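Right, one structure below, let's go through it.
The values are calculated or read from the model by the stated rules, or taken from the named source; none is laboratory data. Remember, predicted model here, so these are calculated numbers, not experimental data. Cβ sites come from the backbone with ideal geometry, for glycine too, and all protein chains shown count toward neighbours.
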Amino acid sequence: MLYNRFENRTVINGIIEAVDPIHIGASTKESLNPVDMDDHVLKDSNGNPIIPGSTIKGVVRSRFEAVMLSLGKNVCNIFNNNDKKCADKNTIYEINKSKISDEEKAKKLYNKSCDVCKLFGGRAIAGKLRFKDCSFIGEKCAYEKRDGVGIDRVTGAATCGFKYNFEIIPKGTCFDFTLIAENLDKQQMKYLDFIIKMLEGNSIAESDYLSVGGKTTRGLGRIKLKDIKRTTIDREELKKQMLKQLEV
């Protein structure tokens, strides 16, 4: 399905809950005060934490790609340039320079892309899934602090002078969640169902939760999706709504 025509839209709304404390680093220190926190979490303009849509999309794509690959499905191999399951740079160049219409080019690029890239986006095409930033639910977040130390890789002991601290979002913190999927075919609708199960933590085993942010090997980052509401509109329903609104 091309992107210049509306076929269907599915909107998934819900709540993301922190199963464990979460640390999504802000990448820069917020204060020059030497006694201030070394590593803050990412915050919005009101000082409350957010989970970027790109963070959710990244972990979902990574898990989904691994599952698809293990099942022998059509997935591109980013470690092998000779793997022709997906459009590489040469393929994209050859199609773009061919003397055909832009619509035909788009169709060829889409058909040359693997199932994962068709859904999440790839070198040649945009994705069909849009993950919105997840906003904090509540008045003010009560952040917590954790301490850490650098470990000497040779001795396995703490390294002198490498103590630091970092900020975490407490366990049980909740965020708004919105996923918008457009122009999915029947197979991609099934993929969407599986993605929702992954976010719920029930895709492979009970409580098999995805993890976001940093320090996930230290017990942080697990999330789960709950209170899901799903709305789907197809082309015919859209026509009916538009005709109704245009009635004089």
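For segment 156-215, filtered to residues that are assigned to a loop (DSSP other than H, G, I, E, B), aliphatic (A, V, I, L, M) and surrounded by fewer than 14 Cβ atoms within 10 Å (Cβ to Cβ), the residue that is modelled with the highest pLDDT is Ile204. One residue stands out in segment 135-155 among those that are at pLDDT 60 or above and assigned to a strand (DSSP E or B): the one that is surrounded by the most Cβ atoms within 10 Å (Cβ to Cβ), namely Phe136. The numbered conditions (1) assigned to a helix (DSSP H, G or I); (2) surrounded by fewer than 19 Cβ atoms within 10 Å (Cβ to Cβ) are all true for Leu119 except (2). Looking only at residues in segment 224-248 that are β-branched (Val, Ile, Thr) and outside any loop (DSSP other than H, G, I, E, B), the one that is modelled with the highest pLDDT is Ile228.
Selection of segment 229-243 for residues being in contact (Cβ under 8 Å) with a residue 24 or more places away in the chain and either loosely packed, with under 11 Cβ neighbours inside 10 Å or closer than 19 Å to Ile50 by Cα (or both) yields Lys229, Thr231.
Just one of the listed residues (Asn46, Asn33) is at pLDDT below 80, at negative phi and either in contact with a strand residue (DSSP E or B) (Cβ under 8 Å, 6 or more places away or on another chain) or not acidic (Asp, Glu) (or both), and it is Asn33.
Annotation: Met68 fulfils all but one of (1) modelled with pLDDT of 90 or more; (2) among the aliphatic types (A, V, I, L, M); (3) touching a strand residue (DSSP E or B) at 6+ places or on another chain (Cβ under 9 Å); the unmet one is (3).
Out of the residues in segment 82-115 that are more than 22 Å from Gln187 (Cβ to Cβ) and of a type in the set (S, T, N, Q), which is modelled with the lowest pLDDT?
Asn82
Just need a number here: residues in segment 97-134 that are farther than 30 Å from Asp176 by Cβ and either in contact (Cβ under 8 Å) with a residue 12 or more places away in the chain or among the hydrophobic types (A, V, I, L, M, F, W, C) (or both). Counting residues in segment 97-134 that are farther than 30 Å from Asp176 by Cβ and either in contact (Cβ under 8 Å) with a residue 12 or more places away in the chain or among the hydrophobic types (A, V, I, L, M, F, W, C) (or both) gives 12.
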